[in-house]
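This report concerns only the one structure given below.
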């Protein structure tokens, strides 16, 4: 019998997302903010989708929001997640505006549209903390 396959992890050093994962290690929720027009967004982009400026920084936002939609995974498309089935992934609209597609750390039978949630972070190792949302 072979050893269990490790779960895939994000590249926390990728130029476009390194700032997000650095903040996640501190359990802080950040989004990109355009220094030209003030537009906040996630996922990060090389230029602002509102004004096309490439002048942007990471801005900390309030770690709260509401569930906009969700799905329940009953089949592990990646074999290393088989022991976690079923689990929920949701679209969470943050209080600041940007929307995240993220794991919901909420019992499936309790998830509701417009449910208040708060950002939580799952420390995987010394380098990686993953964003999840839990009941507020």
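Values in this text are rule-based calculations from the coordinates and carry no lab data. Just so it is clear, the model here is predicted, and its values are computed rather than measured. Cβ coordinates were reconstructed from backbone atoms using ideal geometry, including for glycine residues, and neighbour counts include every protein chain displayed.
Before moving on, here are some points about what is shown:
- Residue match in the stretch 28-42 (condition: surrounded by fewer than 16 Cβ atoms within 10 Å (Cβ to Cβ) and within 16 Å of the chain's Cα centre (by Cα)): no
- Reported count of residues in the stretch 1-25, each being part of a loop (DSSP other than H, G, I, E, B), in contact (Cβ under 8 Å) with a residue 60 or more places away in the chain and more than 12 Å from the chain's Cα centre (by Cα), is 7.
- Selection from the stretch 31-63 of residues that are more than 23 Å from residue 10 (Cβ to Cβ) and not in a loop (DSSP other than H, G, I, E, B): 34
- Residue within the stretch 77-85 that is within 30 Å of residue 6 (Cα to Cα) and within 15 Å of the chain's Cα centre (by Cα) present: no
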